[in-house]
Amino acid sequence: LSVALSGAVLARCPACARNFANLYCHNICSPDQSLFTNVTRVLKPPADPLNSTRLAVVEYQCYYRRRFAD
């Protein structure tokens, strides 16, 4: 959903939209998240009968080297 909303904003620049989507996917799916991500806020979602200890990440910081960002 977040990528779709951002895509609507970035629709005027397809290259920007692709770059944003790639960065988003890297943040969410990278097996090395612990090397560049710091979780700063979590919330407990509504009761889940199968898993009452589950938390949802709602805010995080990412740290990248300038070369990756460029």
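Using the Cβ-Cβ distance between Leu55 and Cys13 with R0 set to 30 Å, the FRET efficiency from 1/(1 + (r/R0)^6) comes to roughly 0.25. Once you order the gyration tensor axes a ≥ b ≥ c over the Cα atoms, which shape class does the stretch 11-70 get: rounded for a/c under 1.5, otherwise prolate or oblate by comparing a/b with b/c? It is prolate, given that a/c is not under 1.5 and a/b is the larger ratio. Extension gain, Lys44-Cys25: 0.36 nm per intervening residue step, less the Cα-Cα distance, totals 4.5 nm.
Dipole size of the stretch 25-70 about its Cα centre, with +1 on Lys/Arg Cβ and -1 on Asp/Glu Cβ: approximately 120 debye, rounded to the nearest 20. Among Arg18, Arg65, the sequence by solvent-accessible area, most first, with a 1.4 Å probe is Arg65, Arg18.
The values are calculated or read from the model by the stated rules, or taken from the named source; none is laboratory data. Quantities reported herein were computed from a predicted structural model and do not represent experimental measurements. Backbone-built Cβ (ideal geometry, glycine too); neighbour counts: all protein chains shown. Side chains included, ligands, DNA and RNA excluded: accessible areas come from the protein's heavy atoms. Shrake-Rupley method; radii C 1.70, N 1.55, O 1.52, S 1.80 Å.
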